[in-house]
Amino acid sequence: MRFFTAALATALVLTPQMRAADVPVADVHAVLAVPRQRLQTADFRASGHLVRVDAKGARISYPVTLKAHWFPGVLRLICEIDAAGAARIRILLEMQPNGQNSIHIAHPGDKAPTALPFERWSEGPVEAIGSGFSYEDFLEPQYFWSGQTVLERTKYGARDCDVLKSTPGASDRTHYAEVKTWLDHGIGYPVYVEKTIKATGTVKEFTYFGLRQNGGVWSASQVEGKIRDQAGSTLLVIDRGSTKANLDLRDFNPEQLTRFN
């Protein structure tokens with residue numbers, strides 16, 4: 001089984017087309033309901049690879065494992081990237097609907113996890129991978145931001161999509177000024193996402209592949225992250241996992257972050 005749940009999905013990567021004038025724009029509350037529910041019922045484990053593809057097609061690949069569970073009022077996610085030596089890292093991410101998110105990290109030899117300063121959230125967790133996937137990109141807080149607008153109904157490849165524009169409020173901790181998400185109209189799952197960085201206006205593009213349903217949960221096997229007008233990309237590839245992992249608080253004890261084998 002290949003999937004990625006917080007967020008990954010479509011087999012065709014085509015430029016979005018303009019919405020036909022006679023297609024009604026969906027209600028924003030209806031559009032938000034499905035992705036919010038997906039996060040608020042999350043309970044998964046997954047394993048795969050985080051892959052950097054450079055401008056010449058050369059690849060660097062690191063094993064990655066993920067587990068996540070929604071507890072009352074907070075999504076907790078632990079990600080481990082098995083890079084070489086001291087670059088190996090475990091990350092505990094916590095996402096709350098009120099925008100007060102947090103990230104803690106640990107490397108081999110650390111006695112306790114360290115809170116990652118907010119100014120570093122836009123960095124990549126492994127230097128060789130780059131910032132195509134930043135720390136912040138492992139969360140999906142945009143669905144809970146205060147500014148939400150459905151821009152249009154349009155096609156992305158063969159899929160009918162609702163284009164959702166999300167903008168953060170003053171209390172939302174994020175490096176993004178806005179996020180536009182092409183959500184499949186039938187299932188409410190992301191197909192393509194554009195994230196605009198506040199400081200620079202740079203746009204990061206995420207395309208989702210391998211959409212499938214397992215146990216009533218939609219997910220995908222791969223997501224590609226690219227920085228617009230820059231060569232190369234980063235791939236998050238999921239090889240296997242479970243959408244019903246039966247996780248509890250013991251699985252997210254911060255002390256686990258420093259217990260490297």
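The values are calculated or read from the model by the stated rules, or taken from the named source; none is laboratory data. Given the structure is predicted, the values throughout are model-derived calculations rather than measurements. Using ideal geometry, Cβ is built from the backbone for each residue, glycine included, and neighbour counts are taken over all protein chains shown. All accessible areas refer to the heavy atoms of the entire protein, side chains included, with ligands and DNA or RNA removed. Shrake-Rupley method; radii C 1.70, N 1.55, O 1.52, S 1.80 Å.
How high is the FRET efficiency from Gln37 to Glu205, r the C-beta distance, R0 22 Å, rounded to 0.05?
Values: r = 26 Å, r/R0 = 1.16.
With a Förster radius of 22 Å, E is 0.30.
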(message) Apply the a/c threshold of 1.5 to the C-alpha gyration tensor of region 87-192 and tell me whether it is rounded, prolate or oblate.
(response) prolate
(request) Calculate, in nm to one decimal, what Asp110 and Ala55 gain on full extension: separation in residues at 0.36 nm each, minus their alpha carbon distance. (result) 16.3 nm
(message) In Å², and per residue, what accessible area does the chain have when probed at 1.4 Å with the other protein chains present?
(response) 45
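Of all accessible surface on the chain at a 1.4 Å probe, what whole percent is carbon and sulfur?
50
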(message) I need the trypsin sites (Lys or Arg not before Pro) found in region 65-112, filtered to DSSP loop residues with at most 11 other beta carbons within 10 Å of theirs.
(response) Lys111
(message) Can you compute the FRET efficiency between His29 and Asp239 using 1/(1 + (r/R0)^6), with r the Cβ-Cβ distance and R0 = 41 Å? Round to the nearest 0.05.
(response) 0.70
(request) Starting from the Kirkwood radius over alpha-carbon pairs of region 28-105, derive D by Stokes-Einstein at 25 °C in a medium of 0.890 mPa s and give it in µm² s⁻¹. (result) 169
(request) Please name which of Ser146, Thr207, Pro72 has its Cα lying farthest along the dipole of the chain towards the positive end, using unit charges on Cβ (Lys, Arg +1; Asp, Glu -1) and the Cα centre as origin. (result) Thr207
